[in-house]
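Written below as structure tokens is the structure these notes are about.
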Protein chains: 2
Amino acid sequence: MAIRLEILQRSSENGARLGRVHTPHGVFDTPAFMPVATAAAMKGLTPEQVRSTGSQIILNNTLHCMLRPGAERIAKFGSSHAFMRWNAPILTDSGGFQAFSMADIRTLDDDGVTFSSFVDGAKVRMTPEVSIRAQNLIGADIIMAFDDCPPAAAEVPMERVREAMHRSVAWLHRCKAAHARPDAQALFGIVQGGTHLELRKESAARTCEIELPGYAIGGVAVGESPERIADTVRFTAPLLPDAKPRYLMGVGYPRDIAIAVAAGVDMFDCVLPTRNGRNALAFTREGALRLRNARFADDQAPIEADCDCQTCAGGFSRAYLRHLFSAGEMLGPTLVSLHNVRLYQRLMLAIRRAIGCNAWSALETDWPCLSAAREQPTGDPE
Amino acid sequence: MAIRLEILQRSSENGARLGRVHTPHGVFDTPAFMPVATAAAMKGLTPEQVRSTGSQIILNNTLHCMLRPGAERIAKFGSSHAFMRWNAPILTDSGGFQAFSMADIRTLDDDGVTFSSFVDGAKVRMTPEVSIRAQNLIGADIIMAFDDCPPAAAEVPMERVREAMHRSVAWLHRCKAAHARPDAQALFGIVQGGTHLELRKESAARTCEIELPGYAIGGVAVGESPERIADTVRFTAPLLPDAKPRYLMGVGYPRDIAIAVAAGVDMFDCVLPTRNGRNALAFTREGALRLRNARFADDQAPIEADCDCQTCAGGFSRAYLRHLFSAGEMLGPTLVSLHNVRLYQRLMLAIRRAIGCNAWSALETDWPCLSAAREQPTGDPE
């Protein structure tokens, strides 16, 4: 097996586990948050800046990398680690989620999906075999099964969700058979089933009977309410093998992460800290701040007084950050993304400490944002 | 006087001087290159990244800072140093050049200039007194006289150039009288006169009879040929006081800088390394590279093999940089700007070494780009 989960401690208060995952490119602590470097680049941040946030593993999006610069091109460097100069663990998604959510035109059948490239409009055919070959070329430490991802559960008939779930299991068998580098790259299976708990149960059973180094929960946070997210994760996480990493894909807000950790999830990724950072929305322990708001125009305080990120500790004020966004300066997205990713990593540190000390209630006291129904940015819109 | 030039050595080969300038925010070595942080921010670079290039002094544009965030707002922080977190010398221009070159509508008279704000279209009135007050508020170590800057000499009748030159001298008297902080901020006068050497001579005489801590050559590299730039600078630089810093504004390409240093100029600023960096044009000792070119798609070499910038020494390849620009990733402009600014600072180090060792011809051998008539990017357009 390419990776190994070492469980260091279990919470006595809930299902959370403290651990570390050993990979061919080093170790990462769990529960872990992985920021997203879509096209083999974190938007606006150098790898050194990403390291400064305490991030130990990052995510690349396979579909983006396939379409530009091309998986073969990355493979000429050895792997994405060398290409983007990130000498630490990387995870690639399968491209399935992007194909289903971003592509303009598509046909879907039991063999795969056809859609138009968002780069040049060319027709692209994705199958489990195509995805795994691309992921083998990109060379991440953890790779993901190519699955059928229907959009937000509420809009989709249960029969479509069931079909997607069955198709994903069938495709997982093909992914495992196609995987050429199982000793170097750990393939994770993905449990689907939307918000239908009976489908989640069947998907978990059929996915986990395929022997793999880790398992993920997919199809969550695709439009449902926070309560539905929580219900689905609390139900599904315990159905995944205890001894292997559990990964909740694409989630989410701090509160969603904390709930999932308590349910036994070990790994997370989300674009929120960087995407919101580019839009002048700063996360804090208390909630989020819209830095474009006029009330920050003369605010000499940092985003958060006790934050150790390069932006806050570097003395950049809310007033300066607001100015950068007003003036359209690239440095604004960089500095707020730096803060937001560090905020997420500070949350993960606090979560790991809470597990280690069996002090979950202190975590919720220290992080008021975990109690909010959803991150509500403070301050009126300009 | 707010600043002091210490001349350490004079070239035996030409008019170049090796020195250092002492300012209220520290020392910078001369000949010096100042990268441009227009709106109190270097585009895409943190102050720490700017420091990594060896830059010791940077430039802010007064007009940009006045219009957004406002000079009063910066003054609440003490000065631009605190506002933008650059704890080293800063120079501000007067806003004159921007008012004359960027503003849509304007009226010009002996009192000042009126134009439309590029931020919100509001009418803005700039006079010597308005500029100096703004520069006093922004608080740079070196501030510049507000002058009348006609555009590229070739398009402008000599009478207009003569008028601008006389007006600039009259305005310089008003700038000096309006300057409220001469002990903390050094006001430089600016010699005008376009490419008309007789006007340059008169401007230099009338400007330098006003006692000031430094003098600049303005109105150069506003559209003339490299030969005209060289002729003007070679003629004008020796007319400025020997004991005080000489600053050639807005210049230029490496060759222009080397020629001006040999004529006795000490200070330079230019947007080329950052503006071209944002457009995927990388400077090298050999000349410039257009990194968008398809020939770099699989080029694993850094921009320059022997460069010590964070981009080259960090192992980022030409292929990766090309990918970043193809994908529209912000990291591309950041990494190439980092390289280009460092390239300019490496040039200044080499120039200072050439002066110190009286080895100017070795400089030209080591820096082939100094011999080119103009930086010609290599590689065909895509």
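A few notes on this one:
- Helix-only arithmetic for chain A: the sum of -39500 (n - 2.57) across DSSP H runs with n ≥ 4, divided by the residue total, places the mean residue ellipticity at 222 nm at -11000 deg cm²/dmol.
- In terms of other Cβ atoms within 10 Å, A:27, B:36 run from fewest to most in the order A:27, B:36.
- Label-point distances for residue A:108 to the equivalent site in the other copies, using a point 7 angstrom along Cα→C-beta, read 6.5 nm when ranked shortest first.
- In this assembly of identical copies, the label point of residue A:177 (Cα plus 7 Å along Cα-to-Cβ) is separated from its counterparts by 9.2 nm, sorted shortest first.
- Each copy carries residue A:294; placing its label point 7 Å along the C-beta direction from Cα gives inter-copy distances of 5.2 nm, listed from smallest up.
- Rounded FRET efficiency, nearest 0.05, which uses the C-beta distance separating residue A:205 from residue A:155 and R0 of 30 Å: 0.70
- Computed from the Cβ-Cβ distance with R0 of 30 Å, the FRET efficiency linking residue B:298 to residue A:183 stands at 0.65.
- Distances between every pair of Cα atoms in chain B, grouped in 10 Å steps from 0 to the bin holding the largest one, split as 5, 24, 33, 26, 10, 1 percent.
- Restricting the range A:189-229 to GluC sites (Glu not before Pro) in coil, as DSSP defines it, with at most 11 other Cβ within 10 Å: A:209, A:211
- By the Cβ distance rule (another cysteine Cβ under 4.7 Å), the unpaired cysteines of chain B are B:65, B:149, B:175, B:208, B:270, B:309, B:357, B:369.
- Label-to-label distance, nm, for residues given as residue A:198 and residue A:371 (7 Å Cα→Cβ offset): 3.9
- Computed label-point distance, nm, for sites residue A:353 and residue A:279 using a 7 Å Cα→Cβ extension: 3.1
- Take A:296-305, B:112-121 and order them by the average number of nearby Cβ atoms within 10 Å per residue, most first; the result is A:296-305, B:112-121.
- Debye equation applied to the C-alpha atoms of the protein assembly as shown, log10 I(q)/I(0) at 0.09 Å⁻¹: -0.87
- Of all lysines in the structure, those lying under 29 Å Cα to Cα from residue B:201, and not within fewer than 8 positions of it along the same chain, are B:176, B:244.
- Straight-line cross-link reach from residue B:43 at under 28 Å between alpha-carbon atoms covers these lysines, not counting any fewer than eight positions away in the same chain: A:43, B:76, B:123.
- Note on A:189-201: average number of Cβ atoms from other chains within 10 Å of each residue's Cβ is 0.
- Taking every residue in B:33-46 and counting other chain Cβ atoms within 10 Å of its Cβ, the average works out to 4.
- Nearest residue to the symmetry axis between A and B, taken on chain A by its Cβ, in whole Å: A:330, 3
Read-outs throughout are calculated quantities, based only on the coordinates presented, and are distinct from any laboratory measurement. Note that this is a predicted model, so its numbers are computed, not measured. Cβ atoms come from the backbone with ideal geometry, glycine included; neighbour counts cover every protein chain shown.
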